[in-house]
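A short write-up of the structure that comes next.
The values are calculated or read from the model by the stated rules, or taken from the named source; none is laboratory data. Please read these numbers as outputs of a predicted model, since none were measured by experiment. Glycine gets a Cβ as well: all are built from the backbone with ideal geometry, and neighbour counts include every protein chain shown. The protein model used for the area step is the full one, side chains on, heavy atoms only, and it has no ligands, DNA or RNA in it. Shrake-Rupley method; radii C 1.70, N 1.55, O 1.52, S 1.80 Å.
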Amino acid sequence: MSTPILTIDLNAIVANWRALNALSEGETGAAVKADAYGLGADRVARALARAGARTFFVAVAEEGAALREALGPGPAIYILSGHMPGDADMINDLELVPVINSLDQMIRHVEALPGRSFGLQLDTGMNRLGMEPSEWSAVREIALAQNPQLIISHLACADEPDHAMNPHQLNQFLDMTQGCDCPLSLANTGAILLDSAYHFDLTRPGIGLYGGLPFVDARPVVTLDIPVIQCRDVAPGETVGYGNSWTAQRSSRIATISAGYADGIMRAMGPRAFVHAEDTALPVTGRISMDLIGIDVTDLGRDPKSVQLLGPHQSVDTLADAAGTIGYEILTSLGARYTRRYLGG
């Protein structure tokens with residue numbers, strides 16, 4: 001087999017959800033937007049539903065439609081982008097719950113689907129989505145009279161426990177929801193770990209389910225094994241890859257592996273990236289190209305049949321550091337060419 005194998009441990013995702021659920025004061029939902037952070041929303045959500053999750057969050061109505069097909073009737077599916085033009089049929093037919101972000105969306109939803117469920121998002125300082133305090137004050141009584149199913153906001157700095165923005169947004173949320181008689185939700189993964197004051201009625205973990213920071217106790221979820229296509233000897237002074245960017249300083253053994261930036265392995269990580277063969281770390285040599293990467297296997301003392309980019313020795317966050325990005329981007333960039341194998345679920 002010449003394609004890399006991406007193994008996704010559904011049991012680990014379920015274990016991470018249960019651990020975060022045990023930390024949460026109320027109900028624990030699950031963010032499965034962006035195809036469950038690139039890992040397959042249908043398989044992930046079904047495993048979580050069997051474990052007891054009853055509330056799911058996706059980005060757009062089309063994701064919600066695919067998720068409803070996977071889950072069937074019953075679980076609540078919230079659409080974080082709200083009710084956009086053209087969404088009414090999907091929302092109505094598939095019992096999706098738009099999270100209303102503005103007066104315009106409120107009017108659109110009430111006029112198109114009177115009496116249908118919806119949630120509300122309030123902007124407590126992130127300035128991304130949701131009603132700002134002035135807009136909320138103007139529409140609050142009208143909106144609450146329509147019986148929203150949930151009111152949410154989102155923290156900007158939850159992965160920084162000591163950041164002043166966290167208590168500021170918490171206080172804003174408390175002020176804006178004072179007297180509201182419906183379930184409230186503020187906490188993503190980072191906020192679950194901050195303090196129970198952020199939990200309210202429903203938490204909605206995302207990255208922590210998939211093995212990423214700031215949930216340091218998360219079980220690893222993904223491994224990525226990449227086959228070796230060819231090995232060669234490189235003499236001192238010879239170069240490897242495009243641009244002659246790596247020059248051998250010694251007699252070296254170079255393996256070329258079957259993956260590249262077309263598979264979501266970011267070109268920028270090349271100079272700082274490693275793969276592993278068992279317990280041995282092997283540096284990338286030269287530039288990461290579209291389908292191929294050079295690896296220095298000299299210190300391994302043998303030619304490996306495959307190497308591991310993600311797994312017990314290297315997390316998504318470690319790899320993200322090499323690329324100057326975050327674990328979220330590593331996960332959501334994992335390529336379509338991988339052979340995907342699921343464990344458990």
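With each label modelled as a point 7 angstrom along the Cα→C-beta vector, the Glu135-Leu103 pair spans 1.0 nm. Once Rg and the Kirkwood radius are both taken over the C-alpha atoms of the range 241-298, their ratio Rg/Rh works out to 0.94. Average 1/r across all pairs of distinct alpha carbons in the range 10-71, invert it, and you get the Kirkwood radius: 11.6 Å. The portion of the accessible surface of the chain made up by carbon and sulfur, rounded to a whole percent, is 49 (1.4 Å probe; DNA, RNA and ligands excluded).
Could you give the angle, 0 to 90 degrees to the nearest 10, between helix 61-71's Cα long axis and the longest principal axis of the Cα atoms of the chain? With rounding to tens, the tilt is 80 degrees.
Estimated at 0.36 nm per residue, the fully extended path between Thr318 and Met165 surpasses their Cα-Cα distance by 52.5 nm. The magnitude of the dipole of the chain, with charges of +1 and -1 set on the Cβ of Lys/Arg and Asp/Glu and taken from the Cα centre, is near 1080 debye.
Were the residues from Ala145 through Asn11 laid out at 0.36 nm apart, the gain over their Cα-Cα distance would be 44.1 nm. The helix-based estimate of mean residue ellipticity at 222 nm for the chain, built from -39,500 (n - 2.57) per DSSP H run of four or more residues and divided by its residue count, is -8500 deg cm²/dmol to the nearest 500. If the Kirkwood radius is taken over C-alpha pairs of the range 1-154, then at 25 °C and 0.890 mPa s the Stokes-Einstein diffusion coefficient equals 149 µm²/s. Converting phi to 3J(HN,Hα) with the Karplus coefficients 6.51, -1.76 and 1.60 and the offset θ = phi - 60°, the range 112-128 yields 7, 9, x, x, 7, 4, 7, x, 10, 10, 10, 8, 9, x, 6, 6, 10 Hz in sequence order, with x at every glycine or proline. Can you find, among Met106, Val297, Val58, the residue farthest towards the positive end of the dipole of the chain? Put +1 on the C-beta of Lys and Arg, -1 on that of Asp and Glu. Of the candidates, Val297 comes out farthest on the positive side. Between Thr325 and Ala112, the C-beta separation translates, for a Förster distance of 56 Å, into a calculated FRET efficiency of about 0.90.
Rounded to the nearest 10 degrees, the inclination of helix 165-177 to the longest alpha-carbon principal axis of the chain is 30 degrees.
A compact globular protein would have a Cα radius of gyration near 2.2 N^0.38 Å; the ratio found for the chain is 1.14.
Figure legend: label point modelled 7 angstrom from the Cα of Arg341 along Cα→Cβ; residues of the range 277-293 with amide N under 20 Å from it are 277-280.
Its Cα centre serving as origin, the range 209-272 has a Cβ charge dipole (Lys and Arg +1, Asp and Glu -1) of approximately 140 debye. Treating r as the C-beta distance of Glu278 and Asp233 and R0 as 22 Å, the FRET efficiency rounds to 0.50. Springs join every pair of Cα atoms under 10 Å in this Gaussian network model of the chain, and among Asn188, Asn11, Asn127 the largest mean-square fluctuation is at Asn127. With no solvent and one equal point scatterer placed on each C-alpha of the range 200-288, evaluate the Debye formula and give log10 I(q)/I(0) for q = 0.12, 0.15, 0.22, 0.25 Å⁻¹, two decimals. The Cα Debye sum returns log10 ratios of -0.52, -0.71, -1.21, -1.41.
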